[in-house]
Structures are given as C-alpha cells and as structure tokens.
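Down below is the structure, laid out as structure tokens.
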Amino acid sequence: MGTQGRILVVDDDAEIRDLVAEYLTRNGYEVATARDGPAMRRALEAGAPDLVVLDLMLPGEDGLSLCRDLRASSDLPVIMLTARREEIDRIIGIEMGADDYLVKPFNPRELLARIKSVLRRTRSAPPARDEPQRLRFAGWTLDGVARHLVDPDGVVVPLSGTQFRLLSAFVRHPGQVLDRDRLMDLTAGREAAPFDRSVDVQVSRLRQLLRDDGREPRIIKTVRNGGYVLAAAVERAEA
C-alpha cells in the first residue's frame with residue numbers, strides 16, 4: 001500500500017526532527033530529514049518530496065532564504081516552523097512563498113492537520129477538458145498545466161502554489177470584485193483561516209510579479225471596502 005506522501009523535515013534540532021519524523025511515519029508518510037540547507041538540497045536531489053516542513057532559524061542559510069530558493073524553481077508546498085511569534089516573521093514567511101506557518105512549540109497533531117490541509121489544496125484536480133488551460137491577460141499568460149506565468153516577452157516566471165491559486169482566481173473571474181473572504185474560498189478554503197490577512201500581502205506580491213504599480217495598479221485594482229478586481233480582459237491562449 002502506498003504512503004500518504006513524502007515529507008522532508010528540515011530542522012537543526014535533532015529532537016524535533018526525530019519526533020516529527022516518527023509521528024508522521026506512524027501516520028502513513030514517508031519521511032526524510034535534514035539539519036541545514038546543504039543537507040536539504042542533498043535530500044531534494046535524492047527524491048522530490050510532496051511537501052517540505054522548514055524551520056525558520058537554521059545554521060548558515062536561514063529558512064526564509066531556503067524557501068525563496070525553492071520558490072525560484074518549483075511550487076513545492078512549504079510549511080514553515082519558527083520559535084518566534086512576531087507578526088512580521090509570519091508575513092515575511094508568506095512573502096517568501098510559504099503555504100502555511102506554525103509556531104513552536106507545537107502539537108504534532110496540529111502539524112499533521114496542516115500537512116493534510118496543504119496537500120489537499122495542492123493536489124487539486126486538473127482543469128476540466130473544456131476549461132481553458134492557458135489564459136492571456138494584459139500581455140501575460142497563465143499556464144494552468146505547467147502552473148507558471150509567462151511574461152509579455154515570453155519569459156517564464158515561476159509561481160508559488162499560493163500565487164498560482166490566487167492569480168487563477170482573478171483570471172477566471174475577470175471584472176468581478178472579489179473580497180478577501182471570496183479569495184480565501186477560491187484559493188485555500190476556510191480551513192486556512194489563520195492566513196486570512198495574508199491575502200493583501202499576496203496581492204501585493206502578484207502586482208510586483210506583474211510589474212503593476214501598487215500605487216496606481218492597472219491590472220489588479222483595489223476596490224475600496226470591496227476587495228480586488230482583475231481589470232484586464234482575459235482570453236484563451238493557444239497551447
């Protein structure tokens with residue numbers, strides 16, 4: 001019988017690594033562990049996991065840098081761990097592309113629930129056959145199969161899982177005002193309530209990717225007391 005999935009746990013605390021690995025293994029997951037960035041990269045080369053549990057505070061390269069590097073080349077789901085409770089740390093983690101965030105000390109059952117939640121979202125069904133899989137807007141193209149963005153010059157722009165889901169929500173509802181709750185429903189579901197306030201951060205990140213001036217945006221506009229709207233026309237792009 002197959003496993004629930006393969007998880008890579010990156011933490012310099014051997015006790016936490018062993019505890020998490022043992023718990024996840026008992027719950028049907030295949031688990032690999034690493035203590036720092038170089039060990040993480042070796043583990044990734046040995047076999048691609050379905051999700052990475054990544055500690056924020058690591059020797060050498062910290063978790064934020066490693067998360068940013070992961071996001072530059074893949075949409076591999078990431079759950080960040082930290083012993084720090086400051087809101088700014090959580091926001092920065094989201095900006096770097098983390099899919100979820102858990103503060104130490106944590107109950108392994110809560111981590112398991114977060115893992116299941118993130119994997120459910122990232123293993124969503126592919127688009128229906130009659131649903132356009134490549135959509136063009138304002139010179140940009142969103143590829144729903146490759147899950148990346150192509151700029152007006154034809155350059156591929158990688159997207160995190162969260163960025164892809166959020167942009168997909170906009171391009172599939174052009175001209176519609178989407179409030180924060182609606183965006184959460186479309187991208188993560190209500191199970192992701194702890195990240196509700198991250199919508200504004202993610203929209204800001206999308207605008208940066210789209211080179212859309214945040215002060216006077218042309219593509220994703222802010223509707224006062226309403227939410228956001230994709231102001232550009234959307235059309236099917238040829239494969």
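The values are calculated or read from the model by the stated rules, or taken from the named source; none is laboratory data. What you see is a predicted model, and the numbers here were worked out from it, not measured in a lab. Using ideal geometry, Cβ is built from the backbone for each residue, glycine included, and neighbour counts are taken over all protein chains shown. For accessibility, only protein heavy atoms count, side chains too; no ligands or nucleic acids. Shrake-Rupley method; radii C 1.70, N 1.55, O 1.52, S 1.80 Å.
Okay, here's what the table says:
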item: Top-ranked residue of the range 50-70 - restricted to ones that are open to solvent by 20 Å² or more (accessible area, probe 1.4 Å) and touching a Pro at 6+ places or on another chain (Cβ under 9 Å), ranked as nearest to LEU24 (Cα to Cα); result: ASP50
item: Residue list for the range 194-238, restricted to those being aromatic (Phe, Trp, Tyr) and either assigned to a strand (DSSP E or B) or at pLDDT 90 or above (or both); result: TYR228
item: Leading residue by the ranking (modelled with the lowest pLDDT) among those in the range 133-181 that are β-branched (Val, Ile, Thr) and more than 21 Å from VAL201 (Cα to Cα); result: VAL145
item: Enumeration of residues in the range 134-166 that are surrounded by 17 or more Cβ atoms within 10 Å (Cβ to Cβ), of a type in the set (A, V, I, L, M, F, W, C) and touching a helix residue (DSSP H, G or I) at 6+ places or on another chain (Cβ under 8 Å); result: LEU135, PHE137, LEU142, LEU149, LEU159, LEU166
item: Sole exception among (1) over 28 Å from LEU149 (Cα atoms); (2) loosely packed, with under 15 Cβ neighbours inside 10 Å; (3) touching a strand residue (DSSP E or B) at 6+ places or on another chain (Cβ under 8 Å) for GLY47, by number; result: (1)
item: So ASP55, is it at pLDDT 85 or above, of a type outside the set (Val, Ile, Thr) and under 30 Å from PRO174 (Cα atoms); result: no
item: Per-region count, the range 11-33, residues under 21 Å from GLU45 (Cα atoms) and open to solvent by less than 60 Å² (accessible area, probe 1.4 Å); result: 6
item: Cβ pairs under 8 Å, 6+ apart, first in the range 167-179 and farther than 12 Å from ILE220 by Cα, second small (Gly, Ala, Ser); result: SER168/GLY144; ASP179/GLY226; ASP179/GLY227
item: Identity of the residue in the range 201-239, open to solvent by 60 Å² or more (accessible area, probe 1.4 Å) and under 21 Å from the mean Cα position of the chain (by Cα), that ends up nearest to ASP181 (Cα to Cα); result: ARG205
item: Residue among GLU61, GLU22 that is over 18 Å from THR122 (Cα atoms) and at pLDDT 90 or above; result: GLU22
